[in-house]
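Here is the structure we will look at, set down as structure tokens.
The values are calculated or read from the model by the stated rules, or taken from the named source; none is laboratory data. Please read these numbers as outputs of a predicted model, since none were measured by experiment. FYI the Cβ positions are ideal-geometry reconstructions off the backbone, even for glycines, and counts take in every protein chain you see.
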Amino acid sequence: MSTIYGGNADRPQNIHTFATISNTAGASAAIEVDGTMFTTFEKIAGGNVTYHIQGSMNGSDWANIGEEKTKGVGNHIHTYCDYAIRYLRLNVTTINNGHSITMTVCCDS
């Protein structure tokens, strides 16, 4: 995790798109963040996907941020404030064959 997202005035440097998760539940790779506010943009295809956004201080122990979400096909946006975390990831808990989710995050201070 060499790139840290957030903490500077250059907005394009604060945006990261995670690898698409499809067909099988699981967590994305983690990114390192610098800031206390972040906005996620989820693009869902194929049908409903259930997921959590998760944060960590050490990259090993994870906690859910906000409530679990179940969203259908389309684009969805969420903003999270006042979370001082070091690492961030997407954790998909339920996804069916042929369904996928791609999440982009923008982190800000």
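Couple of notes before you dig in:
- The C-beta contact set for region 58-79 (first residue in contact (Cβ under 8 Å) with a residue 24 or more places away in the chain, second residue among the acidic types (Asp, Glu) and assigned to a loop (DSSP other than H, G, I, E, B), distance under 6 angstrom, 6+ apart or interchain) is empty.
- Whichever residue in region 35-73 is surrounded by fewer than 16 Cβ atoms within 10 Å (Cβ to Cβ) and among the acidic types (Asp, Glu) and, among such residues, is nearest to TYR87 (Cα to Cα): ASP61
- Selection status of HIS16, more than 11 Å from ILE101 (Cβ to Cβ) and either touching a Pro at 6+ places or on another chain (Cβ under 7 Å) or in a strand (DSSP E or B) (or both): yes
- Single match in ALA19, ALA27 (criterion: surrounded by 13 or more Cβ atoms within 10 Å (Cβ to Cβ) and of a type in the set (A, V, I, L, M)): ALA27
- Criterion (on the phi < 0 side of the Ramachandran plot, modelled with pLDDT under 90 and polar (S, T, N, Q)) met by exactly one of GLN13, GLN54: GLN13
- Subset of region 63-108 (residues that are part of a loop (DSSP other than H, G, I, E, B) and among the β-branched types (Val, Ile, Thr)): VAL73, ILE85
- Taking first residues from region 23-43 that are closer than 12 Å to THR104 by Cα and partners that are acidic (Asp, Glu), the Cβ contacts under 8 Å between residues at least 6 apart in sequence or on separate chains come to PHE38/ASP108; THR39/ASP108.
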